[in-house]
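Step one of this worksheet: look at the structure below.
The values are calculated or read from the model by the stated rules, or taken from the named source; none is laboratory data. Predicted, not measured: the structure shown is a model, and the values here were computed from it. Because the Cβ atoms are built from the backbone with ideal geometry, glycine has one as well, and the counts that use them run over all protein chains shown. SASA here: full protein model, heavy atoms, side chains in, ligands and nucleic acids out. Shrake-Rupley method; radii C 1.70, N 1.55, O 1.52, S 1.80 Å.
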Amino acid sequence: MSDLVIVADDGPVRLIRMNRPEKKNALTLPMYDAMAAAIESAGANPALRCLLIAGGPAFCAGNDIGDFMKMAIEGGALGAPILRFLYALARTEKPLVAAVRGDAVGVGTTMLMHCDHVVAGSDARFSTPFVGLGLLPEAASSLIAPRLMGQARAFSLLVMGRPMNAEEAKSAGLVNTVAAPEDVEAEATNAARAIAALPPQGVLTARRLMRGAPDEIIARIDEEAALFKERLQSAEARAAFEAFLTRKR
Ligand code: COA
């Protein structure tokens with residue numbers, strides 16, 4: 001498995017760490033595949049009771065924009081590993097904890113909408129600039145975000161592309177706990193261990209009851225993906241990717 005995603009089991013907790021810090025953990029197709037495989041294989045292992053997703057010092061800068069450009073040129077379909085990862089998030093029965101430091105952009109934020117417990121650093125910044133990039137919200141965020149935080153805040157985040165800081169994300173229901181950046185991983189690990197120490201059948205059943213069947217989420221992921229395909233090929237999207245890839249700093 002690639003070092004770009006590190007998977008490590010510590011007793012009942014599986015850590016899934018995005019590890020491409022020099023690119024702010026922008027996700028490439030092999031990284032989505034590795035993360036999906038880690039989530040899927042945990043499902044088949046009863047000894048694993050909780051999954052912890054981490055990345056830092058920037059949590060995740062979203063999809064790799066070079067990959068987006070490639071997908072646009074090749075017909076616009078979202079790469080299969082992206083959908084595999086999103087389905088894995090929606091279908092897993094294992095509780096998901098996330099440790100977020102720094103920037104969480106695009107899928108870096110929308111993946112958190114599938115998590116059960118999010119610990120954020122006071123330096124965390126959540127943003128989903130999809131529409132400004134000529135794209136659309138994904139990962140069923142168009143369904144989950146308005147339910148989670150209400151239409152006004154979801155519109156500000158998902159459509160207007162306005163970032164949220166850690167406290168705003170907490171009051172929007174996306175984040176459970178705000179910690180000092182250096183304490184985020186320890187806090188999140190403690191939370192994951194606490195979840196893993198609970199009676200496992202009770203956790204699984206309560207979680208399943210709270211979430212319901214994932215069908216509606218999966219259907220929305222598919223609906224968004226079909227529309228995303230059109231938007232990926234749009235002139236606006238290509239211009240936005242080009243501008244990022246050739247920006248001067
Ligand atoms: N895709 C590809 N490369 C990315 C990337 C992405 N989504 N996000 C960051 N990178 C790369 C940068 O190009 C840069 O590479 P370089 O050092 O080879 O030039 C490196 O990661 C560091 O990024 P930089 O922009 O210098 O870091 P920063 O701390 O100033 O800003 C971000 C961090 C996340 C705010 C900024 O990189 C950003 O806005 N990224 C794009 C996010 C985005 O739009 N994602 C798509 C969401 S749908």
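When the square roots of the Cα gyration tensor eigenvalues are ordered a ≥ b ≥ c, the ratio a/c for the range 10-63 is 1.5 or more and a/b does not exceed b/c, which makes its shape oblate. Counting only protein heavy atoms and a 1.4 Å probe, tell me what percentage of the chain's accessible area is made up of carbon and sulfur. The C+S portion of the solvent-accessible surface of the chain is 56 percent. Measuring with a 1.4 angstrom probe and ignoring ligands and nucleic acids, residue 127 comes out at about 10 Å² accessible. Of the listed residues 64, 3, the order by accessible area with a 1.4 Å probe, largest first, is 3, 64. Using C-alpha pairs under 8 Å with a sequence gap of at least 6, the mean separation divided by the residue count of the chain gives a relative contact order of 21 percent.
The trypsin sites (Lys or Arg not before Pro) of the range 49-147 include none that meets both criteria, a DSSP state outside H, G, I, E and B (loop) and at most 12 other C-beta atoms within 10 angstrom of the site's C-beta. Shown here are the Rg and Dmax of the Cα trace of the range 45-187, at 14.9, 43 Å.
With q set to 0.08, 0.10 Å⁻¹, the log10 of I(q)/I(0) for the chain, from the Debye formula over equal scatterers at the Cα positions, is -0.28, -0.44. The residue list 243, 225, 206 was ranked by how far each Cα lies along the charge dipole of the range 193-249 toward its positive end, using unit charges on Cβ atoms, and 243 comes out on top. The alpha carbon gyration tensor of the range 85-168 gives principal lengths a ≥ b ≥ c with a/c of 1.5 or higher and a/b no greater than b/c, which makes the shape oblate.
Once the 1.4 Å probe is applied to the protein heavy atoms, the chain comes out at 45 Å² accessible per residue. Just list whichever of 24/229; 23/248; 23/229 have alpha carbons separated by over 19 Å in the model shown. Violating the 19 Å limit, Cα to Cα: 24/229; 23/229.
Could you give the size of the charge dipole of the chain about its Cα centre, using +1 on the Cβ of each K and R and -1 on the Cβ of each D and E, expressed in debye and rounded to the nearest 20? Mind showing how you got there, number by number?
Values: 27 positive and 28 negative charges, 42 e Å.
Computed charge dipole of the chain: roughly 200 debye.
Classification of the range 51-107 by its C-alpha gyration tensor yields an oblate form. The axis ratio a/c (a ≥ b ≥ c) is 1.5 or more, and b/c is at least a/b.
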